[in-house]
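Read the structure below first, then the notes.
The values are calculated or read from the model by the stated rules, or taken from the named source; none is laboratory data. This one's a predicted model, so the numbers in the text were calculated from it and none came from an experiment. Cβ sites come from the backbone with ideal geometry, for glycine too, and all protein chains shown count toward neighbours. Protein only, heavy atoms only, side chains kept; ligands, DNA and RNA dropped before computing areas. Shrake-Rupley method; radii C 1.70, N 1.55, O 1.52, S 1.80 Å.
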Amino acid sequence: MRFTLKKDKSGVVIVGVEGQLIVGNRQELKQKVLEALEEGSRKFVIDFSKTGYIDSSGLGVLVSLSKKIREQSGELRLAGLNADLQTLFELTKLDTLFAITRTAEEALAAF
Amino acid sequence: MRLDVPSDLGMVGDAVELVATHLPPGTLSPRRISFNLRTALAEALGNAIRYGNGEDPDRLVRVYVELRRDFVRIHVDDDGQGFDASRLPDPTHPDNLEREYGRGLFVIRHLVDDVAFNEKGNGICLTLRAG
């Protein structure tokens, strides 16, 4: 399990989630993204292309981050969901809350 | 397989991997082990540790895995007072969609074939049928 943050040339923060996003590590992701938000970043992509599974705590932290980023007039996009994760977002109706793209590149192009 | 898990949320991922990687191939497809089983077990363990045992380090969550030819059944028991699963709000209702919590049991019900609770409400049993 690992989170990576990098900023592209236009200032978008791309967060990679390797392994899983669950109750045991969600605070680490939240802290990293909030630090970037406090430092002035406003556009974020979370890339799940290397993510195996996400539990409801992981979904909850994404909802929380989305709200905090929007409060700062920022935008959060999600990318790289595999078929099972896409289904998870659809059944929880969180696909209606997030901008979701097939790849991180598509998310970057949409900003 | 029996496993005692400390009431530490940081142990959930390791406990899930321990169970998932010790299931012999055949009953469940690799995809269902990778996603359905791992996600549902992480939910059940997280709920038991946080809400059941209140993250009390002196309390354990007990996991018991039954492996049969046609199903895998996982029991997760905590030391809490239990809860009434029928009284949980619908997390997909528009009023609840932006809440951070409250999706755990909803997610479990969609990932496994059967969910049952013990009478007290502090034990959950997840059944995944073969396939």
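A few points about this structure:
- Residues that are outside any helix (DSSP H, G or I) and open to solvent by 30 Å² or more (accessible area, probe 1.4 Å) were ranked within segment A:82-111; the one that is nearest to B:THR39 (Cα to Cα) is A:ASN82.
- Flag: B:ARG50 does not match the condition of being of a type in the set (Lys, Arg) and closer than 12 Å to B:LEU128 by Cβ.
- Of all residues in segment B:8-36, those being small (Gly, Ala, Ser) and within 14 Å of the chain's Cα centre (by Cα) number 3.
- Selection over segment A:10-26 of residues that are open to solvent by 10 Å² or more (accessible area, probe 1.4 Å) and within 10 Å of the chain's Cα centre (by Cα) gives a count of 2.
- Residue count for segment A:62-85 under the criterion of being among the acidic types (Asp, Glu), more than 10 Å from chain B (Cβ to nearest Cβ) and in contact (Cβ under 8 Å) with a residue 24 or more places away in the chain: the result is 1.
- Here the strands (runs of 3 or more DSSP E) wholly within segment B:1-114 that include at least 1 residues being farther than 29 Å from B:ALA130 by Cβ and not basic (Lys, Arg) are B:2-6, B:60-67.
- Checked against (1) within 14 Å of chain A (Cβ to nearest Cβ); (2) over 16 Å from A:LEU88 (Cα atoms); (3) in contact with a strand residue (DSSP E or B) (Cβ under 6 Å, 6 or more places away or on another chain); (4) open to solvent by 60 Å² or more (accessible area, probe 1.4 Å), B:TYR64 meets all criteria but (1).
- Selection of segment A:32-61 for residues being more than 11 Å from chain B (Cβ to nearest Cβ), under 25 Å from B:GLY102 (Cβ atoms) and in contact with a strand residue (DSSP E or B) (Cβ under 7 Å, 6 or more places away or on another chain) yields A:LYS32, A:VAL33, A:PHE44, A:ILE46, A:PHE48.
- Of all residues making up segment A:86-111, the number that are within 11 Å of chain B (Cβ to nearest Cβ) and hydroxyl-bearing (Ser, Thr, Tyr): 3
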